[in-house]
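The values are calculated or read from the model by the stated rules, or taken from the named source; none is laboratory data. Please read these numbers as outputs of a predicted model, since none were measured by experiment. Every residue, glycine among them, receives a Cβ derived from its backbone with ideal geometry; neighbour counts consider all protein chains shown. Side chains are part of the model used for accessible areas, which takes the heavy atoms of the whole protein and leaves out ligands, DNA and RNA. Shrake-Rupley method; radii C 1.70, N 1.55, O 1.52, S 1.80 Å.
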Amino acid sequence: MLISQSYAQKIADEMKEAIGRDINIMDRQGVILASTDPDRKGQLHQGAVRLLREGLASLSIEQGDPGQGVQAGVNFPVTAGGQVEGVIGITGPLAEVSSFARIVRRMAELLIQNVQRQQQAELQDNARALFIESWLFSDQPDWTGLELRGQLLGMDIREPYTVAVLTLAEREAPHSRPDTPGKFRRDAAAQMIRGRLREDGGHACAVMRECILLLLHNVSRRQAQELTGSICQDIEGFFQVLIAGGISGPIRSPDEVRSCFHAARTAAEAAARFPGKRVLFYDKTSLEFVLRSIPREIRSQLNASIFSGCTAEEYRAFLQLIQDYFAEGGNLRRCAEKRFVHRNTIQYHIERLKRQTGYDLRVPGDAVLLCLAVQPQ
């Protein structure tokens, strides 16, 4: 039978719950693969052997012989894809079980077909994950081989992809279970994501180096953010953990996938540290992330050193000036419009900051230090 023993047992248990009778599922040799009677597992089912050997449409046994391992009931072949994959048997008085034998058979076939589809999808997901790992981390990629291998898995490495990386945030959600291993949560979350991505097609998901990697096919910047944010929200709601996501720029050529992966992971790490940020693009995290990565003690010491000669009122004014300056990309006109003042007024405040601290916002090196000094402690 083209399903595993565990899946077969699950089908048997579900069928018994529905009809209240013991169920046996036999493989193509007539061996009992799964049974609601634990003592019968692994035994050769004589009725199934006969049914398979003679190609019967069904086999009813009115009088059982426990000594020979034969019990009263009805048995019939289970087919999938036009092939006989095994036999299912219902144990019980023939007059009772025969009345719903056809229904049970069809239910079993539908369950088996569904399980087979799940198994095939899981095999493809695992194959894609291995392919993505090769694409990402091969020292000397065979691009022709990778392209062919990807096409067999429904992925074209020369198509446009965007990399998104999801990580478990350093802090836990209020109702999370700290005893649940991180790897288990990542694997379970990846399975959930894959099921969702299959609906859209073209996307892929893999657990990679303690994070979850998404390859989003042919999406716009907005679509990438919406899809990644929605997935993060689903994971947080289901697993009660906090998720941070990072998104790279588009992959313009197959050899850019590794750099895009590192960019997305960097952005995810930044999102995990920034309060209120679930998903960040890499190009929106660079300076702020680097500055906040510097230890708090150093930032605090720098702040005290630069503003030691300022009053509390002056410090508040300089803090707002520096924040506005960087928020507007150093554009003095926009800073002035934001504060409803003349451009010359901004120039005056910058000069005043320079006189009081010795640092000039218009000088790149000084500007970085001033920005670092006013980062949240």
Answer from Phe261, Phe318 - the residue that is under 30 Å from Ile132 (Cβ atoms), assigned to a helix (DSSP H, G or I) and at pLDDT 90 or above: Phe261
Yes/no for Arg21 being modelled with pLDDT of 85 or more, assigned to a loop (DSSP other than H, G, I, E, B) and either of a type in the set (Ser, Thr, Tyr) or closer than 14 Å to Ile90 by Cα (or both): yes
Subset of the range 343-377 that is acidic (Asp, Glu) and farther than 18 Å from Arg299 by Cβ - its residue that is most open to solvent (accessible area, probe 1.4 Å): Glu351
Filtered residue count, the range 138-171, keeping only those that are open to solvent by less than 40 Å² (accessible area, probe 1.4 Å), aliphatic (A, V, I, L, M) and not in a helix (DSSP H, G or I): 8
Where a residue in the range 139-159 is without any contact (Cβ under 8 Å) to a residue 40 or more places away in the chain and its partner, wherever it lies, is surrounded by 11 or more Cβ atoms within 10 Å (Cβ to Cβ) and in a loop (DSSP other than H, G, I, E, B), with Cβ under 8 Å and at least six apart: Gly150/Asp156; Gly150/Ile157
Only listed residue being open to solvent by 70 Å² or more (accessible area, probe 1.4 Å) and either more than 23 Å from Val31 (Cα to Cα) or in contact (Cβ under 8 Å) with a residue 12 or more places away in the chain (or both), chosen from Gln120, Gln116: Gln120
